[in-house]
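The numbers here are math on the coordinates, done by the rules we state, and not lab data. Not measured: the values here are computed from a predicted model. When we count neighbours, we look across all protein chains shown, and the Cβ atoms used for this are built from the backbone with ideal geometry, even at glycine.
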Amino acid sequence: MTKGFAVPATSRSRKKTRRSRNGKARVRILRVPALEVKQGKNRRLYSFAIDGKLLHEFCAISRVSRNDGEGLNGYQRPEVVSHITQIREYLESNNAMLPNAIVVAFDESVTFTSDSRTANPDAPFSRVGTLKIPIQDGLFDIAKPGWIVDGQQRAAALRDARVKRFPVCVVGFIADSLEEQRQQFILVNATKPLPKGLIYELLPSTDGKLPLALQKRRYPALLSERLNFDEDSPLCGMIRTPTNGTGVIADNSILKLIENSLSDGVLYLYKDIEAQLRVLKNFWSAVEKVFPDAWGLLPRKSRLMHGAGVVAMGFLMDTIADHHHRASELSARIFMNNLAKIRDVCRWTEGYWEFGPDARLKWNEVQNVPRHVQLLSNHLLIQYRNTVRR
């Protein structure tokens, strides 16, 4: 079974435990009273209480990351140290209470045995029994039977708190795959103040049913991921995401560009993802060549890499494509020739944008707000159409 933990490649071959003197791994079974609840056709949830200090003996926290040459690993956000400290200090105070359950995904080594003596005909969807969790001393996180889906920071605070024990409620379920863990993680956290970038980065590798708003962003997120990680993409490594903190373009800006074009722009005309990517890659390759001085800089140094500039350039891409709709392929050269027409009126890194008699803004005064995005977009489209007419 695939396990979604972001560990260094050197750690992957070290899936071994400490051995006892006779050479056998020290394995013990943790038995906890649990309530099994049936949901849907085949889903089983297990609710139980346990000392929070024991959680990390059989549970690991999977943090989202990417290894070289591999896809997305894990699904958790990095621990927020300040938040963990606040929870820990609260746990160390008098009369502390954690009423919310920690959610854990187990692999198939965790089993449940029901107690037939407690069968209740008035509650056919639940039964009492014992949950058996295997624990091995010295086990690496990648091989532990449980993964914390929700409650990462509470679990970390419990681990570090200067208390002897602290019982907590846990809800567990048996996960068939890493993809199912990601789906459950998204569903559990979609209504919480979770960083949107993390949710969007997980979407391309999640196939399960999601809320409509997230389903609509799944395909744009896939295109954005390909732009960010395809080696032949001019934007390779340039889109800032939770796993690529060094990117200069905000992931949400690229998503807006893609969503706009998929809705009623050039990308709408192509139903094949490779054809859509070819258009996007050709366009941004042309942008890089026509505006080399503004390329690859931080948004505060270049409005071309800024949210307003990215979205506005997306509208320009659609307009150029519409003007050349008879071309067999929208090549990088076609985009270059057309972008060159407006090069002299762009003020990405210095000077003033001349939006109109009463709308003159310094290059870095353009902000990623609807009014400024509209001003910049209209300016670029008007300048382009004027040069085409001439």
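Points to keep in mind about this one:
- For region 224-229, Karplus couplings with θ = phi - 60° (6.51, -1.76, 1.60), whole Hz, Gly/Pro x: 4, 4, 5, 4, 7, 10
- Placing +1 on the Cβ of every Lys and Arg and -1 on the Cβ of every Asp and Glu, with no other charges, gives region 247-362 a dipole of roughly 320 debye about its Cα centre.
- Pairwise label distance in nanometres, LYS301 with GLN39, each label 7 Å out on the Cα-Cβ vector: 4.8 nm
- Amide H to amide H distances under 5 Å link ILE174 with ARG44, PHE106, where only residues 5 or more positions off or on other chains count and H is placed in the peptide plane.
- For region 126-169, trypsin sites (Lys or Arg not before Pro) are listed when DSSP marks them as loop and at most 16 other Cβ atoms sit within 10 Å of their Cβ; the list is ARG162, LYS164, ARG165.
- Debye equation applied to the C-alpha atoms of region 223-280, log10 I(q)/I(0) at 0.13, 0.17, 0.18, 0.20 Å⁻¹: -0.31, -0.53, -0.59, -0.71
- Potential lengthening between GLU274 and ASN95 on full extension [0.36 nm per residue; Cα-Cα distance subtracted]: 58.6 nm
- Most positive-pole-ward Cα, THR319, LEU277, ALA294, against dipole of region 277-332 from beta carbon charges: ALA294
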